Amino acid sequence: MSQHDGERPTGLGRADRGLRPTELPGAEGYLEAIFVLATEGGSVRAARVADYLGVSPVSVSKSLQRLEKAGIVARRAPAVELTAEGWREAARVVRRHRLVERWLSDGLGLGLVDAHREAERLEHAFSSTVTEALWEKMGRPATCPHGNPIPDLTGSLPPVAPAVPLSLAPAGVVRVDRLYEQLEGLEVMLRWAESHGLVPGHTVEIYRERDRVVVACPGDSSGVEVPEAVASRVLVVETGALDT
């Protein structure tokens, strides 16, 4: 199966405990990383997985070998690909994570940073039964609070808006559609984005100053320069162009 194209220490250890492949410690972290990188664009190479997880390339190589032997990873090079079973398992992991985030945000009022952090702590205690009950209870949400689509149980994603990174958007008024999962692992940058209104559903105005991206509330002449780490990971939909 082909896919498209943070910092969360993990690792596979203790592989002989008799658990299913995706129940081994750290295996879910690898599945999530591969799924996120595949659906957010680009080739999923082992080096990118290492960067996303914040582990060494050697650790990634060993872990992918184990997942390959378990029938979860189809191939490791030149790009990492999951088997059909592996893709479904990865979607299940991501689905649970994003549903828990949505619950923490909508039900408990947590912000984007705290919802992501707490979901990572809590999600492993949620069984499939609880996860699906939560989905029904919340009205079958289509996205997490960061705007990312929640995959279904087959691994398919609902349609998303034809958005572009803020760094590539033309000057004008735009609506923030979603924040790449890769931004969620950069807590300082995610907090910066949230504090400056770069959250799903909010409208901002983009100004171009040489090679800098500046955003402001519509009609406000004062703005703030957006760090590249944020501008490349915030997806927006154009709603209107500036006259000047």
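Nothing in this text is a laboratory measurement; each read-out follows from the coordinates by a stated rule. Please read all numbers here as calculations on a predicted model, not as lab measurements. Every residue, glycine among them, receives a Cβ derived from its backbone with ideal geometry; neighbour counts consider all protein chains shown.
With the cut-off at 1.5 for a/c, could you classify region 145-199 from its C-alpha gyration tensor as rounded, prolate or oblate?
Oblate is the answer for region 145-199, as a/c is 1.5 or above yet b/c matches or exceeds a/b.
What number comes out for the charge environment of Gly155, summing +1 per Lys or Arg and -1 per Asp or Glu over other residues with Cβ under 11 Å away?
0
Please work out the Cα center distance from region 155-197 to region 30-71, rounded to the nearest Å.
So the separation of the two Cα centres works out to 23 Å.
Using only alpha carbon pairs under 8 Å that are at least six residues apart, calculate the relative contact order of region 109-221 and give it in whole percent.
23 percent
Quick one: putting +1 on the C-beta of Lys and Arg, -1 on the C-beta of Asp and Glu, what dipole do you get for the chain around its Cα centre, in Debye to the nearest 20?
860 debye
Kindly give the semi-axes, whole Å and largest first, of the ellipsoid equivalent to the chain, taking each as the square root of 5 times a Cα gyration tensor eigenvalue.
Taking √(5λ) for each eigenvalue gives 33, 20, 15 Å, largest first.
Once a ≥ b ≥ c are taken as the square roots of the eigenvalues of the Cα gyration tensor of region 35-92, is the result rounded (a/c under 1.5), prolate (a/b larger than b/c) or oblate (a/b not larger than b/c)?
In terms of gyration-tensor shape, oblate.
Taking a ≥ b ≥ c as the square roots of the Cα gyration tensor eigenvalues, with a/c under 1.5 meaning rounded and otherwise prolate when a/b beats b/c, else oblate, which class fits region 140-238?
Because a/c hits 1.5 or more and a/b exceeds b/c, region 140-238 counts as prolate.
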